Amino acid sequence: MSLPPEIQQIREGALKALGDVEPAGSPVTGDEPRGLMLSSRTDGGQSLPAYYLVYFLLVDLLAFPHMGKWEKSAWTVPIRYRGRLYGIEHRKLGLGVFAPSLDPNATRSGRPTDGQEADAREITALIQKAITIAKPYFEWRAEQAASGNQINVSNKNASLFERYEFFRDRCRTLSKEAEARKDEHRFAKQVLGDGTEVTSGFYPSFSLRREAEWNAQAAIEAFFSWTEHAFIHFAILQGCLRTGDDVAQLAESDWKKKFKAALDLTDKATKAHYDTLLDIRAQLRNFLAHGSFGKRGEAFHFHSSAGAVPVLLTDDQRHRYALTGEPAFDESWALGEIEAFLEHLWSGPLEPAKHHLFSSLPSILTYVADGTYERAMESDESMREFVEYLTHEFDNAVNMDW
């Protein structure tokens, strides 16, 4: 990858910051390759920055020679520090500075010496310094990557949807308990300081209904939080987003644009659900955005001969206050409409996507370009087989089973 002039200057600064850290040379000689295979992790190398920053610094920016994959290891950059050999290696248990065993009779690696530990600490400090200097390069590299399709988009659908289900189910449980205990009431007697006896009543169903309402509101919020994320993945699986820039632009868009990118509004049933969800979202957003004073936005009441009159806050810049507005939203109705939308979503052409969304596998833009997702979306079975295959590949990669 050719570097622009300003990044070339960053390269020179980063190389200078490494001081006595130099490429080991390719190939390493004598018993050194075997020594690297038998190397031991140093404690002094535990503070290295993220593995990808170290890799991009040494391999991409500074062009240090490196060794590729082998058992439980993703890559190794052999270096010399003041003439002594070390390996910067990304193994299954993480990145580290590894001290080689250069004893030709050794069968396994031993603990690093005190001198090697001291070297490892110094190597780590120099790499940290070089990475700080190379920050503009990493920003430039990220921009280059985002403009293409060699991108994985994180998939948090499972955990976000579980949050919705948790609050929804809690709401249902509390509502049932409140109904079962609607006729129950308790009395408590309290004696005041002057000897007066006061009796107070308590109705468990009141507290239970209030908690059910809180959980319903949390469930509605959680549902819309999930859709903001899920709609982006739906759009990717259908080939509507092809680069990192496409994903970023949609992520920054409002909920309406995300919905339209994911679902077909020319379908009458989908359009009806869209209108209903948009109404629910607007009412809930207004309730929360206006300080949760009232579900219709009523923040205060003014005095009149008619009595106390609620004044509603509006989003209209010219008419901030109003006496009329939309009816207060009903949480039970809203949850019912959400469940109806989900049933519609999973029974239509997007049904195959459900396997991918809740697998926690990232959405891979490369698979948009080469038609992999298009083929997987052809049927429920095709997507199921694809997810099983990709899950297996990711498991192997995590375990570094090459």
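The values are calculated or read from the model by the stated rules, or taken from the named source; none is laboratory data. This structure is a prediction, so every number in the text was calculated from the model and none was measured. Each accessible area value is taken on the protein alone, full model and side chains, heavy atoms only, with ligands, DNA and RNA left out. Shrake-Rupley method; radii C 1.70, N 1.55, O 1.52, S 1.80 Å.
A few remarks follow.
- Against the empirical curve 2.2 N^0.38 Å, the C-alpha radius of gyration of the stretch 354-402 lands at a ratio of 1.15.
- Sequence-ordered 3J(HN,Hα) estimates for the stretch 357-368 from the Karplus curve with 6.51, -1.76 and 1.60 and θ = phi - 60° stand at 4, 9, 8, 6, 6, x, 8, 10, 5, 4, 6, 6 Hz, glycine and proline given as x.
- Counting heavy atoms of the protein chains alone, Ile151 has an accessible area of about 30 Å² for a 1.4 Å probe.
- Entries in Lys92/Lys156; Lys176/Lys268; Lys268/Lys354; Lys156/Lys268; Lys257/Lys354; Lys92/Lys258 that, when Cα-Cα distance is taken, lie over 27 Å: Lys176/Lys268; Lys156/Lys268; Lys92/Lys258
- Taking all protein chains together, Cys240, Cys171 sort by accessible area into Cys240, Cys171, largest first [probe 1.4 Å].
- Taking 29 Å as the straight-line reach from the Cα of Lys16, the lysines in range (excluding those fewer than 8 positions away in the same chain) are Lys69, Lys129, Lys135.
- Shape box of the stretch 183-288 [Cα atoms, principal axes, largest first, Å]: 77, 30, 22
- As a length-normalised measure over Cα pairs under 8 Å and 6 or more apart, the relative contact order of the stretch 65-181 settles at 11 percent.
- The largest accessible area among Asp194, Asp169, Asp119 belongs to the first residue in Asp194, Asp169, Asp119, and the rest follow in falling order (1.4 Å probe, all chains).
- Residue-level accessible surface for Arg34, protein heavy atoms, 1.4 Å, Å²: 110 Å²
- Across the stretch 379-387, computed HN-Hα scalar couplings (Karplus, 6.51 cos²θ - 1.76 cosθ + 1.60, θ = phi - 60°) run 7, 4, 5, 4, 5, 4, 5, 5, 5 Hz from first to last residue, x flagging Gly and Pro.
- Note on exposure: Trp75, Trp333 ranked by accessible area (1.4 Å probe, complete protein assembly) read Trp333, Trp75, with the most exposed listed first.
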